[in-house]
Amino acid sequence: MMGSLIQDLRYSLRTLRKTPVFTSVAVLALALGIGANSAIFSVVNAVLLRPLPFDHPERMMSVQVRNEKTGGVGVEQSYPNFLDLRAQCQSCEGMAAYGGATTFLMNPGEEPERVRGVQASADLLPLLGVKPALGRVFTAAEDQVGGRRVVVLSYGVWQRFFGGNPKIIGQDIPLGGSAPTTVLGVMPKGFKFPVEWQQTDFWMPLAPAISPEDREGRAMVWLDLLAKTKPGVSQQQAQAEIDTISRRLQAQYPATNTALNFFVKPLKENLVGNLRTALLVLLGAVGCVLLIACANVANLLLARAAGRSKEMSIRTALGASRSRIVRQLLTESLLLALVGGALGLLLALWGVDLLAAAAPADIPRVAEIGLDARVLLFTLLVTLATGVVFGLAPALQASKADVNEALKEGGRGTGEGGGRRRLRGALVVSEVALSLVLLIGAGLLAQSFKRLLDVTPGFDAKNLVTMDVVPRRSRYPEEPQRVQFFKDFAEQASRLPGVRGVGLVDPLPLNGNFEAWDFQIEGRAPFAPGEQNDADRRVVNGDYFRVMGIPLRRGRTFDDRDRKEAPQVLVVNDTFARQFFPGDDPLGKRIVFGGGPAGGTAREIVGVVGDVRHAGLDEPATPEFYVPYTQVLTARLTVVARSASDDTAGVAGALRGVIRRTDKDSPVYNVRTMEELLAASVAKRRFNMILLGGFAAVALVLAALGIYGVISYTVTQRTHEIGVRVALGAQPGDVVRMILSQGMRLTLLGVGVGLLGASALTRVMSGLLFGVSATDPVTFGGVALLLAGVAFVSCLLPARRATKVDPMIALRYE
């Protein structure tokens, strides 16, 4: 058995070497298909399949909340609700709370560098089950109100800032520029939590950093919760207990918890839920490309088998069984597949690096994309399956050779069997159908992306430079000092050459940060528990709206009269005015935050401005209100400067210069343009569109080559028939129509099958689309016409060649 297999391999190698053009074309087609599949599978493997690098990741749950009255779903919880959930959840091995924290490493003589980390309860790192590489993690004793400042560093920060010094444990570091912070430990290389964050530099205890308002306020939601179920406890069992706790808290705290139902969701599903559909669509797309490549190679093998009919007949006459011939031909196809798979793996290595570099930064675990053992096994299985898929049918056809007919000395072999013709036609139909599905999918994404770009964000992004500025607390400890810092900066920056205006805002549109505030409307009955309305808050200066190009609908914006001690004011957007004051003028109305109508801070609406799509172009505008930074100052503000020219880099440098002259130690970071932020907000959709469009283009080319190959082969097989027709008076137009009709019949049949398939399969893509239906008739019709046009050209070339057949030569052909 082994001897005959080696003999088959040697013979296959000799045969393939004798036909270098056929071998090269087949190997290249397979390499493209297998390489693309391996590259995309590496992404699917890293994001969807590979388990999270924690202890018992299948038991890790994200605790979220749903408002049964409003239908809203959120991931952030309040600190008091976390304490109650943790204390009462008996099916949980533990529960931890965490939130983001941004600060700076203040090294003397150097520019402060921004670092991003996590403030977490002491349960978090032990629950994850990852041991520190150095030192220890913080404990419950350190996670107390008024506790000392301690930190656990990431491996990257330890190497970058402290040179991997093992004596860092127990030392105080200048984190944030305030009280000394003691280093307790260093996490191992590669550890990151939260997984979806681009950067995690440190972990600190949560309780010492919580303000009294956040510590007591159940309406102050800002923490993510992680629960780990006990061994043997299912998600359903944990959910049943969480439901009981939800009802208990609703009854105990009706003012804040009415209609709030907590629920658990597997942490991994929470991370990749929004990406699953897109990745599976892309994996299906490259699968279609591979099937089209297989159909092309199968057609090449069928054509080649027709030319080897005499060889197969001689082998049969000499005693070779049909199974022996099939095995020989399958050995050749598997050898082709293995060579194509090896080359495809090299292409995948390059493709994986390209995908990792081009992938949007907010795709979780993008740094883990690579060719591991699972991807290599997948590639091997795909390669072997491919060899069988494209090789089996041609091998079975070739093994049916008619020995007597093939060995006749004068046999012309003017045609091929009906079974072989039908098989070749079926392969072409499948190529056209699969190509149409891919092209329609790519067309829908392109239409969606175009409509998304046509959406007005609510501001003019051109020539806008942004940067985050944080005045040092050690130099500006009081709020009036920090207000003056920003006021002086804005005035100096506005006088810079090339700067048309300077605005201040927090949070900046499209940066992913929001501050939702509950409120009541003075003079109206309070909102019922569970039906509280909220709106997003933005802290700005008066010039912000002009600089951003946000239109003022009525009233006024902020000016020098809006000081801290002056009457408290706010500006609302159009959506706020429509939703809460339908048919009424909101100017002069008062909004109360915190404490309800009987108390709290009341602010008068002095203006209405246009809507801004802060969450993204594909998200509708929500109710928002703006307050002056002179009355409510946050720890940092984002500078927004309008450049008079395209030299945004020069303007950014000049703005940094103003900061340095004022206080060289005040951190400046996130220097970027609003156009960059806009581009980043649509990066995922652009990535999906480009990938699917690229696969569709490859499929179109392969389908065109497949149609051309079949029709060209048909012309060659029918040379004698065409010569007879021409000799009997057929005109060139008659020959062209005959050839075109054969090719276009196959094409139109493939288009029909593809339209049916696309109408069903593109519905899976509905969640990836914006402003266009999954069955958009314009896209379906346009793509069908495009594919039919390409097929027409592919048929026309061999058809024109057929008109040049010399009837005398054709009639003498044997």
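Determine whether the stretch 465-477 contains at least one residue that is in contact (Cβ under 8 Å) with a residue 60 or more places away in the chain, among the basic types (K, R) and over 21 Å from D665 (Cα atoms).
So far as the stretch 465-477 goes, no, none of its residues is in contact (Cβ under 8 Å) with a residue 60 or more places away in the chain, among the basic types (K, R) and over 21 Å from D665 (Cα atoms).
Every residue, every condition in (1) within 35 Å of the chain's Cα centre (by Cα); (2) assigned to a loop (DSSP other than H, G, I, E, B); (3) free of Cβ contacts under 8 Å to residues at least 40 places away in the same chain, yes or no:
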| position | (1), (2), (3) |
| --- | --- |
| V539 | yes, no, no |
| A566 | no, yes, no |
| T575 | yes, no, no |
| P586 | no, yes, yes |
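Where residues in the stretch 541-564 are touching a Phe, Trp or Tyr at 6+ places or on another chain (Cβ under 7 Å) and not in a loop (DSSP other than H, G, I, E, B), which of them is least open to solvent (accessible area, probe 1.4 Å)? Break it down stepwise before answering.
Within the stretch 541-564, the first condition is being touching a Phe, Trp or Tyr at 6+ places or on another chain (Cβ under 7 Å), and the residues that meet it are 541-542, 548-550, 552, 557.
Now drop any that are not not in a loop (DSSP other than H, G, I, E, B), which leaves 548, 552.
Numbers: M548: 0, L552: 84 Å².
Per the stated criteria, the residue is M548.
Listed residues A255, A298; which is in contact (Cβ under 8 Å) with a residue 60 or more places away in the chain and open to solvent by less than 20 Å² (accessible area, probe 1.4 Å)?
The match here is A298.
From the list L30, L52, L13, exactly one residue is open to solvent by 80 Å² or more (accessible area, probe 1.4 Å) and either modelled with pLDDT of 80 or more or of a type outside the set (G, A, S) (or both). Which is it?
Selected residue: L13, the only one of L30, L52, L13 that is open to solvent by 80 Å² or more (accessible area, probe 1.4 Å) and either modelled with pLDDT of 80 or more or of a type outside the set (G, A, S) (or both).
Is it the case that N670 is open to solvent by 20 Å² or more (accessible area, probe 1.4 Å) and over 30 Å from L504 (Cα atoms)?
no
Kindly provide the set of residues from the stretch 213-236 that are modelled with pLDDT under 95, outside any loop (DSSP other than H, G, I, E, B) and under 16 Å from G99 (Cα atoms), ordered by number.
Once the filter is applied, which keeps residues that are modelled with pLDDT under 95, outside any loop (DSSP other than H, G, I, E, B) and under 16 Å from G99 (Cα atoms), the stretch 213-236 yields E213, D214, R215, L223, D224.
Residues of the stretch 637-671 being touching a residue at least 40 places away in the same chain (Cβ under 8 Å), part of a helix (DSSP H, G or I) and aliphatic (A, V, I, L, M), which ones?
V651, A652, A654, L655, V658, I659, listed by residue number.
V151 versus (1) free of Cβ contacts under 8 Å to residues at least 60 places away in the same chain; (2) not in a strand (DSSP E or B): which is the lone unmet condition?
It fails just one condition, (2).
Across the stretch 356-369, what is the total count of residues that are more than 11 Å from V47 (Cα to Cα) and open to solvent by less than 60 Å² (accessible area, probe 1.4 Å)?
Going through the stretch 356-369 one residue at a time, the tally reaches 4.
Quick one: would you say E68 is under 30 Å from T181 (Cβ atoms) and not aliphatic (A, V, I, L, M)?
When the stated conditions are applied, E68 does not pass them.
Going through the stretch 506-515 one residue at a time, which ones are assigned to a loop (DSSP other than H, G, I, E, B) and out of contact with any His (no Cβ under 6 Å at 6 or more places or on another chain)?
Selection gives P507, L508, L510, N511, G512, N513, F514, E515.
Is it the case that some residue within the stretch 636-645 is under 14 Å from L508 (Cα atoms) and at pLDDT below 90?
So the first thing to find is which residues in the stretch 636-645 are under 14 Å from L508 (Cα atoms), and the list is 636-641.
Now restrict to residues that are at pLDDT below 90: 636.
Yes, the stretch 636-645 has at least one match.
Looking at the stretch 225-237, can you tell me whether even one residue there is out of contact with any Lys or Arg (no Cβ under 8 Å at 6 or more places or on another chain), surrounded by 17 or more Cβ atoms within 10 Å (Cβ to Cβ) and either among the charged types (D, E, K, R) or under 19 Å from E113 (Cα atoms) (or both)?
No; the residues of the stretch 225-237 include none that is out of contact with any Lys or Arg (no Cβ under 8 Å at 6 or more places or on another chain), surrounded by 17 or more Cβ atoms within 10 Å (Cβ to Cβ) and either among the charged types (D, E, K, R) or under 19 Å from E113 (Cα atoms) (or both).
Restricting attention to the stretch 758-785, which residues are buried (at least 16 other Cβ atoms within 10 Å of the Cβ) and in a helix (DSSP H, G or I)?
Matches in the stretch 758-785: A758, L761, T762, M765, L768, T779, F780, V783, A784.
Consider G750 against the criteria (1) small (G, A, S); (2) exposed (fewer than 15 other Cβ atoms within 10 Å of the Cβ); (3) at pLDDT 80 or above: it satisfies all of them except one. Which criterion is unmet?
Every listed condition holds for G750 apart from (2).
Restricting to the stretch 146-172, give me the number of residues that are of a type outside the set (G, A, S), more than 35 Å from the chain's Cα centre (by Cα) and open to solvent by 10 Å² or more (accessible area, probe 1.4 Å).
Counting residues in the stretch 146-172 that are of a type outside the set (G, A, S), more than 35 Å from the chain's Cα centre (by Cα) and open to solvent by 10 Å² or more (accessible area, probe 1.4 Å) gives 8.
Can you run down the residue pairs with Cβ atoms below 9 Å, 6 or more apart or on separate chains, where the first is in the stretch 415-434 and in a helix (DSSP H, G or I) and modelled with pLDDT under 80 and the partner is surrounded by fewer than 19 Cβ atoms within 10 Å (Cβ to Cβ) and among the basic types (K, R)?
Within 9 Å, the pairs are G419/K400; R420/K400.
Among the listed residues P480, P509, which satisfies the condition of being open to solvent by less than 10 Å² (accessible area, probe 1.4 Å) and touching a residue at least 40 places away in the same chain (Cβ under 8 Å)?
The match here is P509.
Can A697 be described as open to solvent by 20 Å² or more (accessible area, probe 1.4 Å) and among the aliphatic types (A, V, I, L, M)?
Numbers: open to solvent by 20 Å² or more (accessible area, probe 1.4 Å): yes; among the aliphatic types (A, V, I, L, M): yes.
When the stated conditions are applied, A697 passes them.
Going by the structure shown, is R59 in contact with a strand residue (DSSP E or B) (Cβ under 9 Å, 6 or more places away or on another chain), at pLDDT 85 or above, over 30 Å from G287 (Cβ atoms) and open to solvent by 50 Å² or more (accessible area, probe 1.4 Å)?
no
Does at least one position in the stretch 726-738 carry a residue that is crowded, with 21+ Cβ neighbours inside 10 Å and either at pLDDT below 90 or in contact with an Asp or Glu (Cβ under 7 Å, 6 or more places away or on another chain) (or both)?
Yes, the conditions are met somewhere in the stretch 726-738.
Identify all residues within the stretch 516-537 that are open to solvent by less than 30 Å² (accessible area, probe 1.4 Å) and part of a loop (DSSP other than H, G, I, E, B); write none if there are none.
F519, G530
Go through the stretch 700-750 and count every residue that is under 30 Å from F780 (Cβ atoms) and part of a loop (DSSP other than H, G, I, E, B).
Count: 0.
Across the stretch 77-106, which residue is farthest from R215 (Cα to Cα) among those that are in contact with a strand residue (DSSP E or B) (Cβ under 6 Å, 6 or more places away or on another chain) and open to solvent by 60 Å² or more (accessible area, probe 1.4 Å)?
E93
In the stretch 51-93, what residues are in a loop (DSSP other than H, G, I, E, B), within 31 Å of the chain's Cα centre (by Cα) and closer than 19 Å to A240 by Cβ?
Scanning the stretch 51-93 gives a single hit, E68.
The values are calculated or read from the model by the stated rules, or taken from the named source; none is laboratory data. Keep in mind it's a predicted model, so treat the numbers as computed, not measured. Ideal geometry is used to build each Cβ from the backbone, glycine not excepted, and the neighbour counts take in all protein chains shown. Ligands, DNA and RNA are stripped out before the accessible areas are found, and what is left, the full protein with its side chains, is counted by its heavy atoms. Shrake-Rupley method; radii C 1.70, N 1.55, O 1.52, S 1.80 Å.
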